[in-house]
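Visitor: Below is one structure. I have some questions about it.
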Amino acid sequence: MKKSTFVSMILGTIGGILFALGMCMALIPEWNAFRPGVIMGVIGAMVLLIMVFVWRKMENKEPIKLSGKTIGATLLGIVGALLLGVGMCLTMVWSHMVAGIVIGIVGIVVLLCLIPFVKGLK
């Protein structure tokens with residue numbers, strides 16, 4: 001295993017755990033920890049963002065250029081993830097099975113559209 005892969009794995013695990021725990025703290029009302037949860041979630045997101053820059057530096061890759069395609073791919077990923085999450089919430093939390101399944105499938109399709117959008121079709 002390359003050193004850059006190992007560092008990315010460690011930073012990704014730490015950032016993911018901090019982000020997930022922060023979101024649980026913020027969104028589970030029984031815990032009464034909204035503000036600390038938001039702070040922990042932001043710290044986790046920052047660790048994940050730092051991981052990207054550290055990995056790119058260790059792999060001698062050029063910095064990410066902000067273009068219309070990069071911003072579009074990011075927005076498409078965010079919309080797809082939100083649709084999938086809303087579909088799951090509708091199904092599991094609010095007992096709207098049919099609407100949740102339909103919205104969740106739309107979210108999955110939007111996320112699948114990222115592959116040809118980013119990689120292109122050959």
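Visitor: With respect to residue 17, is the statement that it is modelled with pLDDT of 95 or more, within 27 Å of residue 55 (Cβ to Cβ) and loosely packed, with under 13 Cβ neighbours inside 10 Å true? Explain how you work it out, then say what you get.
Guide: Values: modelled with pLDDT of 95 or more: yes; within 27 Å of residue 55 (Cβ to Cβ): yes; loosely packed, with under 13 Cβ neighbours inside 10 Å: no.
No, not satisfied.
Visitor: Let me ask you something else. If you scan segment 46-92, which residues turn out to be more than 27 Å from residue 14 (Cβ to Cβ), touching a Gly at 6+ places or on another chain (Cβ under 9 Å) and surrounded by fewer than 13 Cβ atoms within 10 Å (Cβ to Cβ)?
Guide: Matches in segment 46-92: 92 only.
Visitor: When you check residue 55 against the structure, is it farther than 26 Å from residue 115 by Cβ and free of Cβ contacts under 8 Å to residues at least 60 places away in the same chain, yes or no?
Guide: It is false that residue 55 is farther than 26 Å from residue 115 by Cβ and free of Cβ contacts under 8 Å to residues at least 60 places away in the same chain.
Visitor: For residue 6, state whether it is exposed (fewer than 14 other Cβ atoms within 10 Å of the Cβ), without any contact (Cβ under 8 Å) to a residue 12 or more places away in the chain and under 20 Å from residue 59 (Cα atoms).
Guide: Considered against the rule, which asks whether it is exposed (fewer than 14 other Cβ atoms within 10 Å of the Cβ), without any contact (Cβ under 8 Å) to a residue 12 or more places away in the chain and under 20 Å from residue 59 (Cα atoms), residue 6 comes out as yes.
Visitor: Test of understanding: among 108, 17, which residue is in the same structural domain as residue 2 (by TED's automatic domain parsing) and not basic (Lys, Arg)?
Guide: From the options 108, 17, the qualifying one is 17.
Visitor: If you don't mind, another one. I want to confirm something. Restricting to segment 93-103 and keeping residues that are at pLDDT 95 or above and out of contact with any Ser or Thr (no Cβ under 7 Å at 6 or more places or on another chain), which single residue is surrounded by the fewest Cβ atoms within 10 Å (Cβ to Cβ)?
Guide: 98
The values are calculated or read from the model by the stated rules, or taken from the named source; none is laboratory data. No experiment lies behind these values; they were computed from the predicted model shown. Quick reminder, even Gly has a Cβ in these numbers, built from the backbone with ideal geometry, and neighbours come from all protein chains shown.
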